[in-house]
Structures are given as C-alpha cells and as structure tokens.
1. Considering only residues of the range 15-37 that are touching a Leu at 6+ places or on another chain (Cβ under 9 Å), of a type in the set (D, E, K, R) and assigned to a helix (DSSP H, G or I), which is nearest to Ile66 (Cα to Cα)?
2. Go through the range 169-209 and report how many residues are among the acidic types (Asp, Glu), under 23 Å from the mean Cα position of the chain (by Cα) and crowded, with 19+ Cβ neighbours inside 10 Å.
3. Checking Leu201 against (1) assigned to a loop (DSSP other than H, G, I, E, B); (2) in contact with a strand residue (DSSP E or B) (Cβ under 7 Å, 6 or more places away or on another chain), only one condition comes out false. Which one?
4. Using the structure shown, decide if Glu167 is within 25 Å of Lys213 (Cβ to Cβ), in the same structural domain as His209 (by TED's automatic domain parsing), touching a strand residue (DSSP E or B) at 6+ places or on another chain (Cβ under 8 Å) and charged (D, E, K, R).
5. Which of the residues that make up the range 107-142 are over 23 Å from Arg41 (Cα atoms) and either of a type in the set (S, T, N, Q) or without any contact (Cβ under 8 Å) to a residue 40 or more places away in the chain (or both)?
6. In the range 244-340, which strands (runs of 3 or more DSSP E) lie fully inside it and hold 3 or more residues that are surrounded by fewer than 18 Cβ atoms within 10 Å (Cβ to Cβ), of a type outside the set (Phe, Trp, Tyr) and at pLDDT 95 or above?
7. Could you figure out which of (1) at pLDDT below 95; (2) of a type in the set (Ser, Thr, Tyr); (3) under 21 Å from Ala306 (Cβ atoms) isn't true of Tyr75?
Amino acid sequence: MRIGILTAGGDCPGLNAVIRGVGRKLLREGHEPVGLRRGYRGLAEADHLALDHRSMSGILHLGGTILSTSSYDPYRHDDGPDKVRAAMERGDVDAVVAIGGEHTMDITRRLHEGLGLPVVGVPKTIDNDIVGTDRTFGFDTAVQVAVDAIDRLHSTAQSHDRVMVVEVMGRNAGWIAVESGIAGGADGILIPERDVPVEDLAATIRQRHERGKDFSIIVVSEGARLAFADGSSQKVRASDDTDEYGYERLGGIGAAIAQELERETGYETRVVVLGHVQRGGTPTAFDRVLATRYGVAAAEAVLDGAFGTMVALKGQEIVRVPLSEVEGVKGVDLRLAELARTFF
C-alpha cells in the first residue's frame, strides 16, 4: 500500500519523530510511505514527497517538519472535498496518517465520515488540549522551554526587585501555564479556564513584599482574560483582524496584566512573551519517545484497517480512540490549578 503522511496546523517539536516512526514501520512491513506536503493541501493538490530510509535518516531530533505544514482545510474551499476525493480515486495514496491538532482531527473525522477516507489521526499540539489523549507530543518540550525562561527570570527579577510577567502559549487551555508555573515556582498563574482578578494578584504580590520577597513571577496563558474584582473581564487581542481561517489573533494579555499590576502595587513590572520559541527547536527525550510510539502505533492502525481512529496515550498505554469522540477542547484539570495556589 501507499500510505500518505501529513503534518497540519502549527509546527511542534516531535513532528519529524512521528514521520520517522510511521515511515520506518511501513517500510519494515513492505509498504510505501508518501509525504503529503503542507498538510491536506498536499493531498488535494498532489504535492508529494518520497519517503525512504535516506530521507527519514537523521530527522529524529530535528524541530519543525520535513513535510512543511499549513492550516489548509478542504471544507473551507468549494473544490476542496472534490479534490481530495479525486486524489483517492486516482490512487495517489491508499490511506492517510494525519498528524495535527484539534482542528486537524476535526477535518480528519469529517473526511472519514463524509467521504469514507481511510484515515488515522495522531494528536499534535504544544497546548495538550486534544480530547481523548492524556498527553500530546510537543507539550513536554514547550513546558521545558517555559520553565527554562522562568528560571532565568527569577535571578533578574530578584536582582532588580521587579515583578516579571511571562506570557506563554495557550489559546483555549492553560496547560503550559499551569505546568510551567508549578515547575518554575511561579507566584501567580492565569489561564483561560478560570478568571483571576488583577486585585487578587496584586494582593498576593504585596503580601510577598511584606514577607521580604521583593520580586514575583506571574505566568499567563495568551488566552487568559483580563479580569477585575467587579466581575468584568475581557480577552486581549493583538488586533481586530483574524487569520485566513477566521481565528482571532490573540496577544498582549501579558502586557495588559503588567500594566494593571504596576498601577495596583506601584512595583516595577516587566513582561516577557515567549511566543513561537515554545514551538521550535529540539524535542525533549520524552517527546521523542512519545512521538515515536505514536508514529509506530499509527502505522499499525493503518495496517489493521482501524480507520477513523486516533492513536492516544492513556496512562502508559497507546490506544485507539474513535475520531467521533475527539471533539472540543480538553481544558486544564483544575485540581492542578488548586495545587499551584498552595504556593501563591
């Protein structure tokens, strides 16, 4: 069989490890892996890349994706579904392994249910917000990048008696903020799942100063709201524009929080936005292993004919979850948020 492999949505540490896992398993079993460039666009427009032992050699540790990526959605183009159907009828590939986030899994489900496309999904996102799996690959790396930054900011914040606000990624879920905040010893964490009034943060910071701690670290998800004690809150956006697929452009919550905290407390406050640094670079050992397990498991699902499923981590086991059950966003376990509050 010719099995198409694609990476879609935002890039993420570990994508190449998955590609390698899928491809090497298929080659070992006598099948032909084919790279589909720039996500589902590669399937719709017959933009392929040959995958053999040579092309997949030396990519395990690399960030990014050798297949490139895009947010192309066939259902947002009038001729998209027809192009995908034609590709399958031509025999471009016999099945597809789609590696992507929540939006990609939704596209993959619709193609399976609507067009009968033989597909298997692999959950990818640094945000760890995909329903049906305990962990997505790329998340561990993003958290480690954030923790490294927080560790460095501790020393400069302490040297200058400053409040440092660290803005991390997390549009709809605050997993990166919560785990990096706990690991980095943050003094406050803001996430999309729960509003924390600026006044409460300011009170925490003042209490630290009263105890002789003249610096504080606040970690903020980009999707968190700017909230106040009177119950009002608002999302902070980088602009009123949206991207080509209608997603709002978030950004600026860190600066907004910093401004309000400085006004409330009188303490000098600075903001650091980590942004895309969290998505690039070398994956951690944990992500390399998880991505490899996902890749091999996805290839096995294809060979077993288990289409319409997503491979997922449940506890320590890799399982298959129906794509029909992979809907919505997996929010933070608020017990973690409560654990973090113990140290504020």
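The values are calculated or read from the model by the stated rules, or taken from the named source; none is laboratory data. All values reported here derive from a predicted model rather than from experimental measurement. All Cβ positions, even for glycine, are placed from backbone atoms using ideal geometry, and neighbour counts span all protein chains on display.
1. Arg20
2. Qualifying residue count, the range 169-209: 2.
3. (1)
4. Considered against the rule, which asks whether it is within 25 Å of Lys213 (Cβ to Cβ), in the same structural domain as His209 (by TED's automatic domain parsing), touching a strand residue (DSSP E or B) at 6+ places or on another chain (Cβ under 8 Å) and charged (D, E, K, R), Glu167 comes out as yes.
5. Asn128, Thr133, Thr136, Thr141, listed by residue number.
6. In the range 244-340, 317-322 are the strands (runs of 3 or more DSSP E) which contain 3 or more residues that are surrounded by fewer than 18 Cβ atoms within 10 Å (Cβ to Cβ), of a type outside the set (Phe, Trp, Tyr) and at pLDDT 95 or above.
7. Against the list (1) at pLDDT below 95; (2) of a type in the set (Ser, Thr, Tyr); (3) under 21 Å from Ala306 (Cβ atoms), Tyr75 comes up short only on (3).
Every residue, every condition in (1) charged (D, E, K, R); (2) more than 27 Å from Val289 (Cα to Cα), yes or no:
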position	(1), (2)
Leu62	no, no
Ser70	no, no
Tyr75	no, yes
Gly91	no, yes
Asp94	yes, yes
Gly101	no, no
